[in-house]
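Since the structure comes first, as structure tokens, the remarks are kept for the end.
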There are 2 protein chains.
Amino acid sequence: MAWTAVPPFRSMTPTTRMPATLAVDIGGANTKAALLQGMSLRTVSRPFEVWRDREALAAVLREVAAEAGEADAVAITMTAELSDAFRTKREGVAFVLDAAEEALGDRPLSVLTTTGELVSVEAARARPWDVAAANWVASALAVGAAYPDALLIDTGSTTADIVPIAAGRVAASGHNDLERLLAGELVYTGVLRTNLAAIAPRVPIRGEWCAVSSEYFAISADVHLVLGHLAEEAYDCPTPDGRPTTVAFARERIARLVCSDADQLDAGEIDAIAAFLAAEQLRHIEEAARRVGRPLPPQAPVVAVGAGAFLGREVAARLGRAVADAPAGWGAAGAEMAPASALAALLAARLC
Amino acid sequence: MAWTAVPPFRSMTPTTRMPATLAVDIGGANTKAALLQGMSLRTVSRPFEVWRDREALAAVLREVAAEAGEADAVAITMTAELSDAFRTKREGVAFVLDAAEEALGDRPLSVLTTTGELVSVEAARARPWDVAAANWVASALAVGAAYPDALLIDTGSTTADIVPIAAGRVAASGHNDLERLLAGELVYTGVLRTNLAAIAPRVPIRGEWCAVSSEYFAISADVHLVLGHLAEEAYDCPTPDGRPTTVAFARERIARLVCSDADQLDAGEIDAIAAFLAAEQLRHIEEAARRVGRPLPPQAPVVAVGAGAFLGREVAARLGRAVADAPAGWGAAGAEMAPASALAALLAARLC
């Protein structure tokens, strides 16, 4: 493993003249940016599904960067290469690098690898598999700099990253998505975009098990909205039926999972389905976290970040582990987009 | 139960002057029509996803009817009301009835209920829940007229209908979709449109279990295409990535289920994933068929129809049951769209 830790944020003081660094985390459904200057972190998030209109990516990157503010240097990381807008990851990486160079290339631009290096765009082009899906490495390095032993659980809109930190080093056993799925370090469940049909094959209804429809009728954002885990404004991805992100419409979407509607099921019955599915998501993350965290000492805390940090904290309780704060300086918005926040700091540290 | 059997096709002879009857089965993703005149059955199928452009439904019905040919009377049945183009089934049924009346209302028009009645459009409007998702009843009545005891397994593009026939009568315990999901009589798995992420939470890869991505990356048509169960031309629904329906592209889609691509996994590894998922679909149908068929005598055969009849036949073998032919007169095309074929005959029998 070639991962090395970076100094934690708290070692940076406002009196040091720090360069302004911009990090952009280019996902398949969301693009997130963090601008760090000294102790000040500014974050921007933009829902953008690359498969809908990949040609718009450069424009989106330009907008997000402009909104974040002036930067002396830029680093990017990506997961968008997995989108089926591209036939292979190689093609996807090349496309994202082109768009990033076009939109952000007027400043020094580097790309994160899965071993924690920051490499040039040219080097990234030559090693597409090393820069694909590397964003979790940034957060893991930052956590490793703050805590000698920890279990990072970053639960986002679509996936959960579970990364062990041991003796201050990233102790993950997988590098790419496939290795990480096999290891339990990548769990494809999140608090916004997950199709409920992919969470459980059956749900309880009126005291019985009911098999579910496999259509794209409702998503995890509907579940967490009706359960009060998320506010309406946090539901920032498209709804499956194109209707509003209110609790009433979310209940209609969830009812359709069992081929029903709001005439047929009452709110209590629908909310019971939601509660079951949230518990199933929790169980999936818990099982993976138990497996990934097994080598860690019992006192290693969980660092729970992401839009679904509430799930990571609950997993910590089930594992009997303490919950530790995200690395200082991220704040609530930074912890929601840990890879971008951490990558901005990583770039700043490398520049100094 | 108010279901009554109709005379089987074979009681009709070409010398009898029969009215030409048209049946249209209006689904959420496909519209199917069957025109029956004497012993001659003509079928038409049109992929049409009602949520993409519901206003086009009347035009699609008009085209499908014109392609099927001149009819003296028309009967319809539907499952399209479940589409999230509509907030409730009530709204969906009303919309479909309006479109049917507009497109097909120049001839006597009737609507199938879940108890096997053919009612007027006005009566259907007053009882929307009785005409929603009734299409399986037509096939079950026809099977009941041909076999005193049987287990109908109609495996379509999206779902499998499993209906017990006992003593010549439809012995289903559920009427509507929810009751049928609860009873195992409706299984939401099919041979074309099922998201692979909804078939199994993990797949075998290189001797290990690998959790899957929950995105809409690949569907059951990809699986059955690479396994040789389906021909390219049978893959008549849109592909998830918009690329062609060839084996090579299907393999790329399946690789993406484990966040991989054709650079990372070879054909043998991808086909092993496909074989596992096909076996899982089979297991789901088998489990439901065991449960639904439990009250039937051992000599009751399986009548396997639908685009996925190959799965129904394999389930019969696992259950130790014989496979019986579809009711005479359907032919291969008719058996692929059993509800429309059976409904055309049901209407003809009612008219005589």
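The values are calculated or read from the model by the stated rules, or taken from the named source; none is laboratory data. These numbers were taken from a predicted model, which means no experiment stands behind them. So basically every Cβ, Gly included, is an ideal-geometry build from the backbone, and we count neighbours across all protein chains shown. In case anyone asks, the SASA skips ligands and DNA or RNA and just uses the protein heavy atoms, side chains included. Shrake-Rupley method; radii C 1.70, N 1.55, O 1.52, S 1.80 Å.
Quick one: count up the residues across the stretch B:64-98 that are more than 14 Å from chain A (Cβ to nearest Cβ) and either open to solvent by 10 Å² or more (accessible area, probe 1.4 Å) or not in a helix (DSSP H, G or I) (or both). I'd like the intermediate steps shown before the answer.
Step one: of the stretch B:64-98, the residues more than 14 Å from chain A (Cβ to nearest Cβ) are B:64-77, B:96-98.
Filter once more, so that each one left must be either open to solvent by 10 Å² or more (accessible area, probe 1.4 Å) or not in a helix (DSSP H, G or I) (or both): B:66-67, B:69-77, B:98.
Going through the stretch B:64-98 one residue at a time, the tally reaches 12.
Within the stretch B:1-26, which residues are modelled with pLDDT of 95 or more and open to solvent by 10 Å² or more (accessible area, probe 1.4 Å)?
B:25
Hey, among the residues in the stretch A:155-170 that are among the hydroxyl-bearing types (Ser, Thr, Tyr) and open to solvent by 10 Å² or more (accessible area, probe 1.4 Å), which one's farthest from the other protein chains (Cβ to nearest Cβ)?
A:157
Would you mind stating whether residue A:322 is more than 14 Å from chain B (Cβ to nearest Cβ) and touching a His at 6+ places or on another chain (Cβ under 7 Å)?
Judged against the criteria, residue A:322 is not a match.
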* To do: Give the residues of the stretch A:99-118 that are free of Cβ contacts under 8 Å to residues at least 40 places away in the same chain and crowded, with 20+ Cβ neighbours inside 10 Å, sorted by residue number.
  => A:109, A:111, A:113
* To do: Those residues that are assigned to a loop (DSSP other than H, G, I, E, B), under 21 Å from residue A:198 (Cα atoms) and over 27 Å from the mean Cα position of the chain (by Cα), I need them from the stretch A:253-274; list them, please.
  => A:258, A:259, A:260, A:261
* If you take the residues in the stretch B:238-248 that are surrounded by fewer than 18 Cβ atoms within 10 Å (Cβ to Cβ) and on the phi < 0 side of the Ramachandran plot, which one is nearest to the other protein chains (Cβ to nearest Cβ)? -> B:243
* Of all the residues that make up the stretch B:29-63, how many are under 20 Å from residue B:345 (Cβ atoms), out of contact with any helix residue (DSSP H, G or I) (no Cβ under 6 Å at 6 or more places or on another chain) and open to solvent by less than 20 Å² (accessible area, probe 1.4 Å)? -> 1
* Asked: Of everything in the stretch A:205-233 that's open to solvent by less than 40 Å² (accessible area, probe 1.4 Å) and more than 10 Å from chain B (Cβ to nearest Cβ), which residue is nearest to residue B:80 (Cα to Cα)?
  -> A:222
* Asked: If you go through the stretch B:201-212 one residue at a time, do you hit one that is in contact with a Phe, Trp or Tyr (Cβ under 6 Å, 6 or more places away or on another chain) and charged (D, E, K, R)?
  -> yes
* Which members of the stretch A:171-191 meet the condition of being surrounded by fewer than 24 Cβ atoms within 10 Å (Cβ to Cβ), touching a residue at least 40 places away in the same chain (Cβ under 8 Å) and more than 11 Å from chain B (Cβ to nearest Cβ)? -> A:171, A:175
* To do: Within the stretch B:241-248, identify whether any single residue is polar (S, T, N, Q), out of contact with any strand residue (DSSP E or B) (no Cβ under 8 Å at 6 or more places or on another chain) and closer than 22 Å to residue B:47 by Cβ, and answer yes or no.
  => yes
* Return yes when residue A:55 is more than 14 Å from chain B (Cβ to nearest Cβ), assigned to a helix (DSSP H, G or I) and not hydroxyl-bearing (Ser, Thr, Tyr) and no when it is not. => yes
* Looking only at residues in the stretch A:195-204 that are at the interface with chain B (Cβ under 7 Å from one of its Cβ atoms) and surrounded by fewer than 24 Cβ atoms within 10 Å (Cβ to Cβ), which one is farthest from residue B:216 (Cα to Cα)? -> A:197
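Considering only the stretch B:119-130, I want to know if a residue exists there that is away from chain A (no Cβ under 14 Å), open to solvent by 40 Å² or more (accessible area, probe 1.4 Å) and small (Gly, Ala, Ser).
Yes, some residue in the stretch B:119-130 is away from chain A (no Cβ under 14 Å), open to solvent by 40 Å² or more (accessible area, probe 1.4 Å) and small (Gly, Ala, Ser).
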* Considering every residue within the stretch B:251-266, establish whether at least one is in contact with a strand residue (DSSP E or B) (Cβ under 6 Å, 6 or more places away or on another chain) and either within 14 Å of chain A (Cβ to nearest Cβ) or more than 24 Å from residue A:132 (Cβ to Cβ) (or both). => yes
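Which is under 20 Å from residue B:200 (Cα atoms) and without any contact (Cβ under 8 Å) to a residue 24 or more places away in the chain, of B:308, B:268? If you could, list the steps in order and put the result at the bottom.
Working: B:308 fails: without any contact (Cβ under 8 Å) to a residue 24 or more places away in the chain.
Of B:308, B:268, the one residue that is under 20 Å from residue B:200 (Cα atoms) and without any contact (Cβ under 8 Å) to a residue 24 or more places away in the chain is B:268.
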* To do: Might you let me know whether the stretch A:138-154 holds any residue that is out of contact with any Cys (no Cβ under 6 Å at 6 or more places or on another chain), facing chain B (nearest Cβ under 9 Å) and either open to solvent by less than 20 Å² (accessible area, probe 1.4 Å) or among the β-branched types (Val, Ile, Thr) (or both)?
  => no
